[in-house]
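What follows draws every value from the coordinates through simple rules; no lab data is involved. Remember, predicted model here, so these are calculated numbers, not experimental data. Here the Cβ positions follow ideal geometry from the backbone for every residue, glycine too, while neighbour counts run over all protein chains shown.
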Amino acid sequence: MTKNTIVIHYTAQLANVAGIREEHIPFEVGEHLSCLLKRTAKEKPTAFSQLLFNEEGMIRRNVIISVDNEQISDVVGCIIKNSIKEIFILTPMSGG
């Protein structure tokens, strides 16, 4: 597998908790998007994971994830290709 870097953009509450709006994350081509997000969340405060994942460890239904400007409905089945440049994670602006 080839190692690359991808830009992850955080919005709203997620950006506030992370303390950053974007970061460059190394990834392996063929890695599942859900694994990348879980790995990234481990390096952040607990509140970051709580905003992103539900009690079962799945992406919350009110979180929108976009990969290269295309909304992803199946985060678990999404495999990262070497052509991917950026991921946007949009959480609710306020409330639930």
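Report the charge-dipole magnitude of the chain in Debye, nearest 20, computed about the Cα centre from +1 at each Lys and Arg Cβ and -1 at each Asp and Glu Cβ.
Approximately 140 debye in magnitude.
Which of these, Glu86, Glu70, Glu31, has the largest mean-square fluctuation under a Gaussian network model of the chain (Cα springs below 10 Å)?
Among Glu86, Glu70, Glu31, the largest GNM mean-square fluctuation belongs to Glu70.
Placing unit charges on C-beta atoms (Lys and Arg positive, Asp and Glu negative, everything else neutral), compute the dipole magnitude of region 49-96 about its Cα centre in debye, rounded to 20. The partial results should precede the final answer.
Working: 4 positive and 6 negative charges, 13 e Å.
That gives a dipole near 60 debye.
Over region 3-90, what is the mean sequence separation of C-alpha contacts under 8 Å (at least six apart), divided by residue count, expressed as relative contact order in percent? If you can, show how the numbers build up before the last one.
Working: 136 pairs, mean separation 34.4, N = 88.
With pairs under 8 Å counted, the relative contact order is 39 percent.
Can you give me the C-alpha center-to-center distance between region 75-92 and region 1-56, rounded to a whole angstrom?
10
How far apart, in nanometres, would the label points at Ala15 and Glu55 be if each is projected 7 angstrom from Cα along the Cα-to-Cβ direction?
With each label point 7 Å from Cα toward Cβ, the separation is 3.1 nm.
Binning every alpha carbon pair distance of the chain at 5 Å from zero, what are the percents per bin?
Each 5 Å bin holds this share of Cα pairs: 2, 13, 27, 28, 19, 8, 2, 0, 0.
May I ask you to evaluate 6.51 cos²θ - 1.76 cosθ + 1.60, the Karplus curve with θ = phi - 60°, for each residue of region 76-89 and list the ³J(HN,Hα) values in order in whole Hz, giving x for glycine and proline?
Couplings: 5, x, 7, 10, 7, 9, 5, 7, 6, 10, 8, 10, 10, 10 Hz.
Treat the count of other C-beta atoms within 10 Å as a stand-in for reagent exposure and order His24, His32 from fewest to most. If you can, show how the numbers build up before the last one.
Values: His24 9, His32 15.
Ordered from fewest to most neighbouring Cβ atoms within 10 Å, His24, His32 come out as His24, His32.
Could you work out the longest stretch of the chain that avoids the trypsin sites (Lys or Arg not before Pro) located in DSSP loops with at most 10 other Cβ atoms within 10 Å? Show your work: numbers first, answer last.
Working: sites that count: Lys42, Arg61.
By the stated rule (loop sites, at most 10 other Cβ atoms within 10 Å), 1-41.
Just name one of Gly19, His32, Ile8: the one whose Cα is farthest towards the positive end of the charge dipole of region 3-90 (beta-carbon charges, Lys/Arg +1, Asp/Glu -1).
Gly19
Would you mind getting me the FRET efficiency between Val29 and Val7? Use the beta-carbon distance for r and R0 = 25 Å, nearest 0.05.
Values: r = 16 Å, r/R0 = 0.63.
With a Förster radius of 25 Å, E is 0.95.
Which order do Met93, Met58 fall in if you start with the one that has the fewest other Cβ atoms within 10 Å?
Numbers: Met93 8, Met58 13.
Going from sparsest to densest Cβ surroundings: Met93, Met58.
For each of Asp74, Asp68, count neighbouring Cβ atoms within 10 Å of the residue's Cβ, then give the residues from fewest to most. Mind showing how you got there, number by number?
Numbers: Asp74 9, Asp68 13.
Taking fewest neighbouring Cβ atoms as first place, the list is Asp74, Asp68.
Could you work out how much longer the chain between Lys42 and Ser83 gets when fully extended? Use 0.36 nm per residue separation minus the Cα distance between them, nm to one decimal. Walk me through the numbers before you get to the answer.
Details: separation 41, 0.36 × 41 = 14.76 nm, distance 2.51 nm.
Full extension from Lys42 to Ser83 adds 12.3 nm.
May I ask you to evaluate 6.51 cos²θ - 1.76 cosθ + 1.60, the Karplus curve with θ = phi - 60°, for each residue of region 65-74 and list the ³J(HN,Hα) values in order in whole Hz, giving x for glycine and proline?
Those phi angles translate into 10, 10, 10, 6, 6, 10, 5, 9, 9, 10 Hz.
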